[in-house]
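What follows is a single structure, written as structure tokens, with notes after it.
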Amino acid sequence: MLTVKQHELLLFIHGRLAETGVSPSFEEMKDALDLKSKSGVHRLVGALEERQFLRRLPNRARALEVMRMPEDASPVGRSASARASVSQIAAARARRSASMPGGGAMEAPFLAVPLVGRIAAGLPIEAIEDQERLAVPTTLLGPGEHYALQVSGDSMVDAGIFDGDFALICKCDEARDGDIVVALIDNSEATLKYLHRDKGMIRLDPANPAHDPQRYLPSRVKIQGRLAGLLRRY
């Protein structure tokens, strides 16, 4: 069984690899886990290597590979019913920060963003707003305002976006061809697709050959944001 810090580090590395294909630096791992020095990160990585959860790839800088995830997704000290996810780690950190003198004035490595319904990665479905929030590592977010949508469907699997993932969206109303965007169609239905402009039409392309592109007049489509990152629960 992994310690809490080992479990948090494994989740952080796995999430970064899923998002960018590159493992985080030791400095980023230190900041994400609120450690005082990188020596603590080295010890955690070494322990995960010994337990065969991680391995270093030879002759490559910043090259870590996640070999497996824990069968029990609950880290030590949590209830057995609490499934591990990056958002749960963030919630635990937020509670610890709130209990600190001064209300946790230190900068937290997580940010709570609005969780706005579900979004289709297949046929468009209605995106229903609600009041939930999702705790997200700040390392996954760049500048700007963000929100999260839970993905429904399989049409973006070749882009590494799977049913049940949480898409982290940077709000914007413009995007370049080739961006993965949230497109609002007829002011009622939202979908996550590659954006292309094609002969006076807006083409929304899937990342799955089993699904067909969708074409709309530009007046029917509004860009609601660009994909900034992903979160995945296990």
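Of all residues in the range 3-33, those that are assigned to a loop (DSSP other than H, G, I, E, B) and crowded, with 20+ Cβ neighbours inside 10 Å total 2. Evaluate the range 210-220: report whether one residue or more is hydrophobic (A, V, I, L, M, F, W, C) and surrounded by fewer than 19 Cβ atoms within 10 Å (Cβ to Cβ). So far as the range 210-220 goes, yes, one or more of its residues are hydrophobic (A, V, I, L, M, F, W, C) and surrounded by fewer than 19 Cβ atoms within 10 Å (Cβ to Cβ). Of the listed requirements (1) of a type outside the set (Asp, Glu); (2) in a loop (DSSP other than H, G, I, E, B); (3) closer than 27 Å to PRO218 by Cβ; (4) modelled with pLDDT under 80, GLY117 misses just one: (2). Of all residues assigned to the range 178-189, at least one qualifies as being outside any strand (DSSP E or B) and surrounded by 15 or more Cβ atoms within 10 Å (Cβ to Cβ).
The C-beta contact set for the range 189-201 (first residue without any contact (Cβ under 8 Å) to a residue 40 or more places away in the chain and assigned by TED's automatic domain parsing to the domain that holds PRO218, second residue basic (Lys, Arg) and crowded, with 16+ Cβ neighbours inside 10 Å, distance under 7 angstrom, 6+ apart or interchain) comprises HIS196/ARG203. Residues of the range 160-174 that are in a loop (DSSP other than H, G, I, E, B) and surrounded by 19 or more Cβ atoms within 10 Å (Cβ to Cβ): ILE161, ASP165.
The selection criterion, being in contact with an Asp or Glu (Cβ under 9 Å, 6 or more places away or on another chain), touching a residue at least 40 places away in the same chain (Cβ under 8 Å) and crowded, with 17+ Cβ neighbours inside 10 Å, holds for ALA121. Considered as a group, the residues in the range 178-234 that are of a type in the set (Phe, Trp, Tyr) and closer than 30 Å to VAL22 by Cβ include one that is modelled with the lowest pLDDT, and that residue is TYR234.
The values are calculated or read from the model by the stated rules, or taken from the named source; none is laboratory data. Note that the coordinates shown come from a computational prediction; the quantities given were computed from them, not determined experimentally. Note that each Cβ is placed from the backbone with ideal geometry, even for glycine, and that neighbours are counted across all protein chains shown.
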